[in-house]
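Trainee: Sharing a structure here in structure tokens format.
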Amino acid sequence: MIGTGRRSLLVLALLAIAAGASPETEPNPCIALGLGLLTACNSEARYLVQTFPFNAVDPITMEQLDTLIGNSPPGIPTDTCCNATITFLEPPTECNCDPGLLDLIPTAGVTLNGLAGMLEFVGASCGSEPVQCT
């Protein structure tokens, strides 16, 4: 589970990066969308980590994904989480491929496989799939 400490570190890191954007450059929209995703999908994250940790070394398996989707409690995922996830994943943002955001995630103890597992679970539950990064 993303504990309060790790979640706080991730939020602080995202805020620091957002605040550190120079006036001459455009702020990275994926930072704000990532913060929105954390907030919107808090219940989903608490459910997910019961089966698939955010510091996962290996990618989520189809068996794990099917179990998570099949056993989801009523109301998981929420419409708010689905909307935030779809905005995060789909063009034009495709934040799951954003290098700046992906470089930041490990600083909070979250692996890229852990993030991908969350996005695959919520995305599949909401009818959206993460774009494949090239």
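The values are calculated or read from the model by the stated rules, or taken from the named source; none is laboratory data. Nothing here was measured: the structure is a model prediction, and the numbers come from that model. Because the Cβ atoms are built from the backbone with ideal geometry, glycine has one as well, and the counts that use them run over all protein chains shown. Note: accessible area is taken over every heavy atom of the protein model, side chains too, but ligands, DNA and RNA are not part of it. Shrake-Rupley method; radii C 1.70, N 1.55, O 1.52, S 1.80 Å.
Trainee: Compute the distribution of all C-alpha to C-alpha distances in the stretch 61-133, in bins of 10 Å from 0, and list the percent of pairs in each, rounded to whole numbers.
Mentor: Cα pair-distance distribution for the stretch 61-133, in percent: 19, 50, 29, 2.
Trainee: Work out, step by step, the length gained on full extension between Val131 and Leu112: first 0.36 nm times the residue separation, then minus their alpha carbon distance; give nm to one decimal.
Mentor: My answer for the length gained is 5.4 nm.
Trainee: Additional query: If you roll a 1.4 Å probe over the heavy atoms of the protein chains, what accessible area per residue do you get for the stretch 41-134, in Å²?
Mentor: 51
Trainee: Which part of the stretch 74-94 falls in the paramagnetic zone of Ser43, meaning amide N under 12 Å from the point 7 Å along Cα-to-beta-carbon?
Mentor: Residues 74-82 fall inside that zone.
Trainee: Once phi is turned into ³J(HN,Hα) by the Karplus curve 6.51 cos²θ - 1.76 cosθ + 1.60 with θ = phi - 60°, what whole-Hz value does each residue of the stretch 65-73 show in order, with x for glycine and proline?
Mentor: With the stated coefficients, the stretch 65-73 comes to 4, 4, 5, 4, 5, x, 9, 4, x Hz.
Trainee: Can I ask one more? Using the Karplus equation 6.51 cos²θ - 1.76 cosθ + 1.60 (θ = phi - 60°), what ³J(HN,Hα) coupling, rounded to whole Hz, does each residue of the stretch 49-64 give in order, writing x for Gly and Pro?
Mentor: Computed from phi, the couplings for the stretch 49-64 are 5, 5, 10, 9, x, 6, 9, 4, 7, 9, x, 5, 8, 4, 4, 4 Hz.
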